[in-house]
Amino acid sequence: MSARSTSSEAVTGILNIDKPVGPTSHDVVRKLRWLLDKKRVGHAGTLDPLASGVLVVAAGRATRLLEYVVGQRKRYLAEIRLGQTSTTYDGEGEISPAQAVNASQDEIETTLSAFRGAIKQIPPMHSAVKQKGRPLYELAREGREVERAARAVTVYELEIVRWQSPVLQLRIVCSAGTYIRSLAHDLGQSLGCGGYLSGLQRTAVGTFTIADAISPNSLTRNNVADFVQPPDRAVAHLPRLDTQAPAADALVNGRRIRRQEEDPDADVVRAYGPSGEFIGIVVARDAEWKPHKIFYQP
């Protein structure tokens, strides 16, 4: 099965999309469904309408691999406007009147130290987090604010790129589930002047980078298949297991194989056959490899 086939039925794989400011992530998916003439299209990691950057999209059977993309580290370039607050923590909400910002760059740097490493965040009311089956944003639209449990996230890197009052630009590397809007709001609260996220670009999701992303506006039905990458691109970060014919055949047919001493010491791996063909995802079960998501079709 070729990821570059012009047949919409045959196209299955990964697209690294550079989502522009304006459309929702679902708008991008809807467009790609039309371009590919394919219903089975999904994305990993939602970007808000006011955010741009890397949006990993999968088509066909490759959607089964999106779960391995979602949990990857994210990189962002964030713009925070200090001295004002927003009801949504970003530029879409009601913005408060501006107040003076007296913080120096050294003071901001000192305050940022509390936001590095393992931290806890309270999700914003205007988010898709569900409470009793309902997204928080639905409750917020009804004028309701409810208690939200804090969530553990990790901020691996948090660096000042530029500070020109009242605009602060940060470079951020963080775990999945981190709300940059909440970080902007909480930073403003800690500085005592308020703050909201006024701009956001996601520059990387795992091994997918903005440098390799394609604008959805440049895609047509005639060229979209040329930008579809093979399904295993979604799991390039996983250890690789190479197998020979008997073992490869067993995995393809849903049977377990014995782990070898030279095999990767990992619980989840991407498996390949003797000719380098992607077999699928296999998982460790004691002394064996068990087929989990098989892609190769003889």
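Sorted by mean Cβ packing within 10 Å, highest first, what order do the peptides 71-77, 156-162, 18-24 take?
71-77, 18-24, 156-162
Does region 165-298 classify as rounded, prolate or oblate by the C-alpha gyration tensor (a ≥ b ≥ c root eigenvalues; a/c under 1.5 gives rounded; else a/b over b/c gives prolate, otherwise oblate)?
Oblate is the answer for region 165-298, as a/c is 1.5 or above yet b/c matches or exceeds a/b.
What is the spread of the Cα atoms of the chain along each of their three principal axes, largest first, in whole Å?
The principal-axis extents, from largest down, are 70, 45, 39 Å.
Classify region 238-294 as rounded, prolate or oblate, taking a ≥ b ≥ c as the square roots of the eigenvalues of its Cα gyration tensor: rounded when a/c is under 1.5, otherwise prolate if a/b is larger than b/c and oblate if not.
rounded
How far is helix 25-36 tilted off the main Cα axis of the chain, in degrees rounded to 10, range 0 to 90?
So the inclination is approximately 30 degrees.
Take every Cα pair under 8 Å in region 238-294 that's 6+ residues apart, average their separations, divide by the length, and report that relative contact order as a whole percent.
38
Can you tell me the length gained on complete extension of the stretch residue 26 to residue 220, counting 0.36 nm per residue apart and subtracting the Cα distance?
68.1 nm
Give me the dipole magnitude in Debye, nearest 20, for region 238-294 about the Cα centre, with unit charges on the beta carbon: positive for Lys and Arg, negative for Asp and Glu.
Roughly 280 debye, rounded to the nearest 20.
Which of the residue pairs 19/120; 120/293; 19/293; 31/74; 38/290 have a Cα-Cα distance greater than 26 Å in the structure shown?
19/120; 120/293; 19/293; 38/290
Mean residue ellipticity at 222 nm from the helices of the chain, using -39,500 (n - 2.57) per DSSP H segment of n ≥ 4 over the full residue count, to the nearest 500 deg cm²/dmol?
Only helices count here, giving -4500 deg cm²/dmol.
For region 262-277, in order, what is each residue's ³J(HN,Hα) by Karplus, 6.51 cos²θ - 1.76 cosθ + 1.60 with θ = phi - 60°, in whole Hz (x at glycine and Pro)?
Coupling constants for region 262-277: 7, 5, x, 8, 8, 8, 9, 9, 9, 9, 10, x, x, 9, x, 6 Hz.
Only the coordinates and a few stated rules stand behind these numbers; no lab work does. Everything numeric here is computed off the predicted structure, so don't read it as measured data. We place every Cβ from the backbone using ideal geometry, glycine too, and count neighbours over all the protein chains shown.
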